[in-house]
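Data first, discussion second: the structure below is written as structure tokens.
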Amino acid sequence: MSGNEIKKKDGFEGQKMYVVPRDVAQNSIRYPLLASFSVTNIGFFPHAKYHHRERPRACNEYIVIYCEKGEGWFNMNETHRKLTAGNILFIPKDIPHSYGANKYYPWSIYWCHMKGESLEDYMLRLPLNNYTVPVSSLIAEELKRLFHTAFRSIENGYSLETLLYVSHVIKHAMGLIFFANPAYHVKLKENYECVETAINVMKENLHGTITVPAIAETAKISLPHFYKLFKTKTGYSPINYFNRLKIMRACQYLKITTMKINEIADKLGFRDQYYFSRIFKNVMGVSPRQYRKSQIE
């Protein structure tokens, strides 16, 4: 951008913008429901020509931008991307970023700043290497209705009851985006294919060992993203899941073969019988010997 180009943080005709006073926001987090999820700023910028925000020192809040019309852009993690109509941008806290409206087709956006312990869980549900989520036409109107419901409520002030209500309304909106949004689930399914690939690699190596970095490499994604995606999809860390697959196979051996426990441990790549027995009991709740006995009785 040239130095003479117009940049506006706000001040758009017909805009709505509500900022919870800092002292009110800080006091509200004493309440458990707001400590886990609370709205600190919320608004709507229609036809936001020249809109531009830049936060080189990041922000300690999570930001959501729903592009209803037009087009914009964002820079984050050394990536420059467009944000087109019908898509939502999620900006995690503590990540330097900038964003703005397209010069020729300026966006109309619903936006919200949030704090809370539960918000990181939503970030883990984002598509791999992507901070945007498409919005299905099936939920678009309901999503906008929820924002306007929050606007009407917060116009009455910043009482505890109002902040609780507004935060629950926006939490409902987050639920729509992540759990009742067909467009998101199609996109997420494509990303979860790498988890299925990783699980297949684990199954092929039940009788040996394989490192988590090696599994991530077969899935063709970075190790940090692999950990997050795998845990979100399965509920377990990769190594925990791998051990559980081994224990499932051990149960089969204990039930249908006469192999000794140390032979089963060795066959499944455990370094010794005692480590195998400890993992087995953690997963099954009983020792391998007790499990075999229960299958005979």
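Here's a check for you: in region 38-62, which residue that is modelled with pLDDT under 95 and of a type in the set (A, V, I, L, M, F, W, C) is farthest from V169 (Cα to Cα)?
A58
Which one of these is in a loop (DSSP other than H, G, I, E, B), over 16 Å from the mean Cα position of the chain (by Cα), under 30 Å from T132 (Cβ atoms) and not assigned by TED's automatic domain parsing to the domain that holds I88: I199, I221?
On the way: I199 fails: in a loop (DSSP other than H, G, I, E, B).
From the options I199, I221, the qualifying one is I221.
State which residue is farthest from A35 (Cα to Cα) when the search covers only region 53-77 and only residues that are over 20 Å from the mean Cα position of the chain (by Cα) and surrounded by fewer than 16 Cβ atoms within 10 Å (Cβ to Cβ).
K69
Do we have any residue at all in region 48-56 that's in contact (Cβ under 8 Å) with a residue 24 or more places away in the chain and touching a Cys at 6+ places or on another chain (Cβ under 8 Å)?
There is no residue in region 48-56 that is in contact (Cβ under 8 Å) with a residue 24 or more places away in the chain and touching a Cys at 6+ places or on another chain (Cβ under 8 Å).
For the subset of region 78-102 comprising residues that are surrounded by fewer than 17 Cβ atoms within 10 Å (Cβ to Cβ) and touching a residue at least 40 places away in the same chain (Cβ under 8 Å), which member is nearest to K7 (Cα to Cα)?
Per the stated criteria, the residue is S98.
Which one is surrounded by the most Cβ atoms within 10 Å (Cβ to Cβ), of the residues in region 29-52 that are part of a strand (DSSP E or B) and of a type in the set (V, I, T)?
V39
Right, N262: crowded, with 18+ Cβ neighbours inside 10 Å, assigned to a helix (DSSP H, G or I) and of a type in the set (S, T, N, Q) or not?
no
I'd like the full set of residues that are buried (at least 16 other Cβ atoms within 10 Å of the Cβ) and closer than 19 Å to N205 by Cβ, limited to region 265-282.
Keep residues of region 265-282 that are buried (at least 16 other Cβ atoms within 10 Å of the Cβ), which gives 265-268, 270, 273, 276-277, 279-280.
Those that are buried (at least 16 other Cβ atoms within 10 Å of the Cβ) and closer than 19 Å to N205 by Cβ: A265, D266, K267, L268, F270, F276, I279, F280.
If you go through region 6-28 one residue at a time, how many are within 18 Å of W111 (Cβ to Cβ) and either in contact with a strand residue (DSSP E or B) (Cβ under 7 Å, 6 or more places away or on another chain) or surrounded by 13 or more Cβ atoms within 10 Å (Cβ to Cβ) (or both)?
Number of matching residues: 12.
Please go through region 1-53 and give me each residue that is in contact with a Pro (Cβ under 9 Å, 6 or more places away or on another chain), of a type in the set (G, A, S) and over 20 Å from N156 (Cα atoms), ordered by number.
A48
The values are calculated or read from the model by the stated rules, or taken from the named source; none is laboratory data. Remember, predicted model here, so these are calculated numbers, not experimental data. Every residue, glycine as well, gets a Cβ built from its backbone with ideal geometry; the counts of neighbours run over all protein chains shown.
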